[in-house]
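K.L.:
Take a look at this one; I'll ask things after.
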Amino acid sequence: KKDDEPPLFSSDKADSAANFENDVIQPNVTFRPPTKKCGKVSSGWWDGTWEHVYSHPEAPDVSKCCNLCMQNDNCEFFNLQLTGRKECHLMSAKGYFHADSHHQTSDIEAIPIITLTTTMTSASSSTSTTTTS
């Protein structure tokens, strides 16, 4: 500390400042498997590797097709046929995009979950704070 710098603590907190030097802050970061969500739905379909095909009664709309894709560990995106057989194609290894009003497609996006817990321990007390993003 330089002589011309203001003190870190006011004089009425001198006792707590002295105790602060002995405090210990212990961070703990936890990574959990990401959750998934459907990305933006677009008109068209992507080439790729077919992981699974569901018929119309099993996947009648974008929401159901997306949910089935999120439950499949290999599914990275889906293509839903809006006419004809009206199948839901669970896909991986995205290739070329085909603009087409008779299909809808969406990526499955992973949302990482990170939990940061900090614990500050001092002679007089212990405080813990948890933040999840």
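The values are calculated or read from the model by the stated rules, or taken from the named source; none is laboratory data. Just so you know, these numbers come straight off a predicted model, no measurement behind them. As a convention, Cβ positions derive from the backbone with ideal geometry for all residues, glycine included, and neighbour counts pool all protein chains shown. When the accessible area is computed, the model is the full protein with side chains, heavy atoms only, and any ligands, DNA or RNA have been set aside. Shrake-Rupley method; radii C 1.70, N 1.55, O 1.52, S 1.80 Å.
K.L.:
So, in nm, how far is label Thr30 from label His102 when the simple model puts each one 7 Å beyond its Cα toward the Cβ?
P.N.:
Result: 5.1 nm between the two label points.
K.L.:
For Lys40, what charge total do you get from the other residues with a beta carbon under 12 Å from its beta carbon, if Lys and Arg give +1 and Asp and Glu give -1?
P.N.:
So the environment of Lys40 carries a net charge of -1.
K.L.:
Suppose accessible area is computed on protein heavy atoms with a 1.4 Å probe; arrange His56, His89 from highest to lowest.
P.N.:
Result, largest first: His56, His89.
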